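Take a look at the structure below.
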Amino acid sequence: MKLKNNLDHILKKGIELKSSGTTGPQKRVYQSPIKLMNANKIARECQEITSKSKIYTVCKLEHAGGLLAQTLPAYEIGASIEVDQFNAYKFCRKIQNFTHSHITPNHGKAIMLTKAFKNLRLDGIWITCGSEPVEWELIINFIKKGCKFMVNWGMTEVGPCAINTLFENIEMVEDYKKRALKGTLIGNRVYCDTEIKDNTLHVKGEISVFGNNWFDTKDIIKKNNNNEFYIQGRSL
């Protein structure tokens, strides 16, 4: 009941979230109800979340990834949600009871190190991975388990589902790798306005807390000829 009341309050009043600190000093960023509504809609669209989805939340709700990537978008339309403290062994034991989960690369690496991962099947399950650069090895290992694997980029200020790519089979992964640039892939499905200025990614749009004002993400970005974005570092 407490979680339900908190989520209802967030949808009505908004929330101030602390950035993860992975891309610079932590700061608090206010998410207005209208921004949340727009971001929830995009998150559902790009992850195929419906009222029949079953969400397994293992990222902390205090950060944008845990709260905004799947939990709040799913709650808004009445989908099933279970919030759990991350544990790699528990994840392997429980994930087949769900349709969606959002993990970080460090979560993914921990899951891969468990004995259970060898025989784990994720057929039809949607795994979104973000908050830090996602390496090819991680993508390949999860795709081999049969899941849909979405590499996602977002920040507390924009998104969290702002730029991403969905991988559904190993052939698609190998195709992307052939034309990969230096750095790590963040995606080619884009849900905000973007421009690369002075080598860094600038964004604006309805899923940004700054609306139609350009926001410099400080992420150094390059695009290949297929308009696939690669992050190559930070400009601080």
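Do we have any residue at all in the range 35-43 that's within 30 Å of K218 (Cβ to Cβ) and small (G, A, S)? Yes, the conditions are met somewhere in the range 35-43.
Rundown of residues vs (1) of a type in the set (F, W, Y); (2) surrounded by fewer than 20 Cβ atoms within 10 Å (Cβ to Cβ); (3) part of a helix (DSSP H, G or I), yes/no style:
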{"position": "L61", "(1), (2), (3)": "no, yes, no"}
{"position": "F91", "(1), (2), (3)": "yes, no, yes"}
{"position": "K94", "(1), (2), (3)": "no, yes, yes"}
{"position": "H102", "(1), (2), (3)": "no, no, no"}
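Does D193 qualify as being open to solvent by 70 Å² or more (accessible area, probe 1.4 Å), at pLDDT below 95 and charged (D, E, K, R)? No, not satisfied. Any residue at all in the range 157-173 that is farther than 21 Å from A43 by Cα and of a type in the set (V, I, T)? Yes.
Matching residues to (1) within 17 Å of the chain's Cα centre (by Cα); (2) free of Cβ contacts under 8 Å to residues at least 40 places away in the same chain:
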position: R44; (1), (2): yes, yes
position: I55; (1), (2): yes, no
position: L67; (1), (2): yes, no
position: I77; (1), (2): no, yes
position: N87; (1), (2): no, yes
position: R93; (1), (2): no, yes
position: N97; (1), (2): no, no
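Looking only at the range 196-207, residues that are open to solvent by less than 70 Å² (accessible area, probe 1.4 Å) and assigned to a strand (DSSP E or B) come to 5 in all.
Of the residues making up the range 215-234, those that are surrounded by 14 or more Cβ atoms within 10 Å (Cβ to Cβ) and assigned to a loop (DSSP other than H, G, I, E, B) number 2.
The values are calculated or read from the model by the stated rules, or taken from the named source; none is laboratory data. Because the structure is a prediction, the values reported are computed rather than measured. Ideal geometry is used to build each Cβ from the backbone, glycine not excepted, and the neighbour counts take in all protein chains shown. Side chains are part of the model used for accessible areas, which takes the heavy atoms of the whole protein and leaves out ligands, DNA and RNA. Shrake-Rupley method; radii C 1.70, N 1.55, O 1.52, S 1.80 Å.
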